[in-house]
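Report on the structure given below.
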Amino acid sequence: MLSRSDATGSVRLAKSEDMPSWGQIQSTAMRKDLHSHLGQVDPQTLALINSGEITKAWTQSLLSPPSPKHHLLSAVNKGQVVGMAAIAPAPTMLAKPKQSPLAQRGADSEIVALEVSDWEKNLDDASRLLHAIVDMLRLSGASRVQIWLAAGGKEKIRFFSGCGFSPAGLRQGLQVGHESMVQHLWFCDL
């Protein structure tokens, strides 16, 4: 069983009882990403981000993973789930701009989600999650990982940049209700 720990916290494979915390952590992060990108967000749009629905979706992923290469990890600190991460094979890119570092060799893995309950106070938990991800991916033979980050998510961008991730020169729009948020693709060689 995977376990990466130090004196204050650990990372382990996710359990079904973690999923309500996952729903809460991710719904809070999504709201914060929207606010950081758009400033004012329509209350109807925020209402679409439902922690219960997110919990159900992650529970389904935990109970029926799409492949053996899909993994869910929980960061635990003082007995509480304070972070979550999901990894999967990287999807095939439909377009590879010639200027992108991923044009010649794309990523073979993707961090679908990596969130902590507070990006200003839980960087140690985020670091433990990322280290566990890297360990798992290296063991599986992966050599490059990617993640989509919200354009306005300064704490996350600073964290991933500090961990060796670089922008890939690609972006996408994420539609939430009537709002749209820009995400940039970041990558790192393992």
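Dimensions of the stretch 119-183 based on its C-alpha atoms, expressed as ranges along the principal axes with the largest first, amount to 41, 29, 21 Å. Packing-based ranking of 24-33, 125-134, 151-160, 39-48 yields 125-134, 24-33, 151-160, 39-48, ordered from highest to lowest mean Cβ neighbour count within 10 Å. Stokes-Einstein diffusion for the stretch 68-190, with the hydrodynamic radius set to the Kirkwood value over Cα pairs and evaluated at 10 °C in a medium of 1.306 mPa s, equals 105 µm²/s.
For the stretch 43-190, the share of accessible area belonging to carbon and sulfur comes to 53 percent (1.4 Å probe, ligands and nucleic acids excluded). Annotation: per residue accessible area for the chain equals 53 Å², rounded to a whole number [probe 1.4 Å, protein chains only]. The number of Lys pairs in the chain with C-alpha atoms less than 28 Å apart, excluding pairs fewer than 8 positions apart on the same chain, is 26.
In this rough spin-label picture, where each label sits 7 Å from Cα along the Cβ direction, the LYS56-LEU139 distance is 3.3 nm.
Where does the stretch 100-151 land on the Kirkwood hydrodynamic radius, alpha-carbon pairs, in angstrom?
12.4 Å is the Kirkwood radius here.
Using R0 = 45 Å, the C-beta based FRET efficiency linking LEU63 and ALA103 works out to 0.75.
The values are calculated or read from the model by the stated rules, or taken from the named source; none is laboratory data. Every value quoted in this text rests on a predicted model; they were computed, and no experiment measured them. Heads up, the Cβs are rebuilt from the backbone with ideal geometry, glycines too, and the neighbour counts pull from every protein chain shown. Protein only, heavy atoms only, side chains kept; ligands, DNA and RNA dropped before computing areas. Shrake-Rupley method; radii C 1.70, N 1.55, O 1.52, S 1.80 Å.
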